[in-house]
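Colleague: Let me give you the structure first, and then I'll get to my questions.
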Amino acid sequence: MAEDVAQDALTVVRHALLAPLGVLRDAGHAGPNAEQAHAGRAELIQVRAALRRLPRLDREALLLRAAGELTLEAIARVMRTSPAAVKMRIMGARRRLAALLAEPVHGR
């Protein structure tokens, strides 16, 4: 169950970070209505805020995996560590991110 929550968090991150690229790709097609667009922006703001709260190395590893779609080996080379260490860092980052995203949003 915790793995499902962590996977959902990674999917939310990937979607939120890549959404602007989708807008460019779909520029000629009918887009989302105003309510959907607002919800998408609100989700992006929430994800970015949660990502900023992660430790720098966790955030870096998670973004390289989710948005960069790099392999564990490639991330390990970038971060100058082992693939096993990267895997553990990403797993922890996903759990922390899921917890942050589950927190109630204040002031809204």
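Colleague: Which ³J(HN,Hα) values, rounded to whole Hz and listed in residue order, are derived for the stretch 76-89 from phi using the Karplus coefficients 6.51, -1.76 and 1.60 in 6.51 cos²θ - 1.76 cosθ + 1.60 with θ = phi - 60°, glycine and proline given as x?
Modeller: Karplus values, whole Hz, x for Gly and Pro: 4, 5, 4, 8, 6, 8, 8, x, 5, 5, 5, 4, 5, 5.
Colleague: When all C-alpha to C-alpha distances in the stretch 32-108 are sorted into bins of 10 Å, what percent of pairs does each bin hold, rounded to whole numbers?
Modeller: Percent of pairs per bin, in order: 18, 42, 26, 12, 2.
Colleague: Using θ = phi - 60° and the Karplus form 6.51 cos²θ - 1.76 cosθ + 1.60, what ³J(HN,Hα) does each residue of the stretch 62-71 get, whole Hz, x for Gly and Pro?
Modeller: Each residue's phi maps through the Karplus curve to give 5, 5, 5, 6, 6, 8, x, 6, 7, 6 Hz.
No lab work stands behind these numbers, since they all come straight from the coordinates. Keep in mind that this is a model prediction, so the values were computed, not measured.
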